[in-house]
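Report on the following structure.
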Amino acid sequence: PGAVIGARAEIGTGTVIGAGAVVGHDVRIGRNCHIASQVTLIHCLLGNRVIVHSGVRVGQDGFGFAMGPGGHQKVPQIGRVVIQDDVEIGANTTIDRGANRDTVIGEGTKIDNLVQIGHNVEMGRHCVIVSHVGISGSTKLGDFVVLAGQVGVAGHLEIGSGAQIGAKAGVMTDVPAGGRWVGAPAKPFMDAAREVAALARLARRDTGSNS
């Protein structure tokens, strides 16, 4: 009930469109997908067996402005979002359309609730993106990347395949393939562990001298 299907939209066999969902003009959805209630899909292409949970917004404009003394001029966003096969997108997640090329979510990737993915992001296959993650525009993720809860990633970075970023980390530089990074700003886990241990030793020493 209440679903809206735009002009020239294509929906594959076995796909279910939930109540109140909006499928915009020229959107293409593959076979055996599940589009839940109150989802909005515009300027996008979905593969097969994609699951999109309630309240997801895909394909809205990215946050792009040319700053100037007279105000902020909106930069036209003309790309799409391409979501490959077997992706699952959690409730109330937003994925921006590309500014000048497509935003891409690789096959088999699983995205939790309340995630923000900026324009031109390119995400590899079988990534895991946990709740409250924010990925800024034009960042590239390799295959099997894991971003734990509340990770923030700056724009125009590269996170290599197999990298794992710990919860609440702030990623400000490129992360090599297979890296295990934590902290804000994020750094390799062993570097962070050594820093914590050094601070603990200093604290114990200071406490001992004061007594």
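The values are calculated or read from the model by the stated rules, or taken from the named source; none is laboratory data. Note that the coordinates shown come from a computational prediction; the quantities given were computed from them, not determined experimentally. Positions of Cβ are generated from backbone atoms using ideal geometry, with glycine treated the same way; all protein chains shown enter the neighbour counts. For accessibility, only protein heavy atoms count, side chains too; no ligands or nucleic acids. Shrake-Rupley method; radii C 1.70, N 1.55, O 1.52, S 1.80 Å.
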With every protein chain present, what is the per residue accessible area of segment 102-211 (1.4 Å probe, Å²)? 49 Å²
Choice from VAL196, VAL145, VAL22 with maximal GNM fluctuation in the chain (Cα, 10 Å cutoff): VAL196
Over segment 56-134, what is the relative contact order in percent, taking alpha-carbon pairs closer than 8 angstrom and at least six residues apart? 28 percent
Identify, among PRO185, GLY47, ILE83, the residue whose Cα sits farthest towards the positive end of the charge dipole of the chain, taking +1 on the Cβ of Lys and Arg and -1 on the Cβ of Asp and Glu, with the dipole about the Cα centre. PRO185
Check: the chain dipole with +1 on Lys, Arg Cβ and -1 on Asp, Glu Cβ, in debye: 340 debye
Ranked from highest to lowest mean number of other Cβ atoms within 10 Å per residue, what is the order of the peptides 27-33, 73-79? 27-33, 73-79
Stretched out fully, how many nm does the piece from VAL196 to VAL16 gain, at 0.36 nm a residue minus the Cα gap? 59.7 nm
Highest average packing first - 157-166, 39-48, 57-66, Cβ atoms within 10 Å: 39-48, 157-166, 57-66
Enumerate the calculated ³J(HN,Hα) couplings along segment 36-47 in order (Karplus 6.51 cos²θ - 1.76 cosθ + 1.60, θ = phi - 60°), each rounded to whole Hz, writing x wherever the residue is Gly or Pro. 6, 5, 6, 7, 10, 10, 9, 6, 8, 10, 10, x
At 0.36 nm per residue, and after removing the present C-alpha to C-alpha distance, how many nm does the segment from ASP206 to MET67 gain when stretched out fully? 45.2 nm
As an exercise, use a Förster radius of 41 Å and the Cβ-Cβ distance of GLU88 and ALA184 to find the FRET efficiency, rounded to the nearest 0.05. 0.90
Looking at GLY24, GLN116, GLY149, which one has the Cα that reaches farthest to the positive end of the dipole of the chain (charges on Cβ: Lys, Arg +1; Asp, Glu -1)? GLY149
Could you check how much of the accessible area of segment 13-131 is carbon and sulfur, as a whole percent, using a 1.4 Å probe? 55 percent
From the backbone phi of segment 62-69, what are the Karplus-calculated ³J(HN,Hα) couplings (6.51 cos²θ - 1.76 cosθ + 1.60, θ = phi - 60°) in whole Hz, Gly and Pro given as x? x, 8, x, 9, 8, 7, x, x
Out of residues 5 or more away from GLY179 or on other chains, whose amide H comes under 5 Å of its own, with H placed 1.01 Å from N in the peptide plane? ALA163, GLN164
Each residue of segment 195-205 in turn: what ³J(HN,Hα) in whole Hz from Karplus with 6.51, -1.76, 1.60 and θ = phi - 60°, glycine and Pro shown as x? 5, 5, 5, 5, 5, 5, 5, 4, 5, 5, 5
When DSSP assigns beta bridges and you keep just the ones with both residues in the chain, what percent turn out antiparallel, to the nearest 5? 10 percent
Relative contact order (%) - segment 79-211, alpha-carbon pairs under 8 angstrom, separation at least six: 14 percent
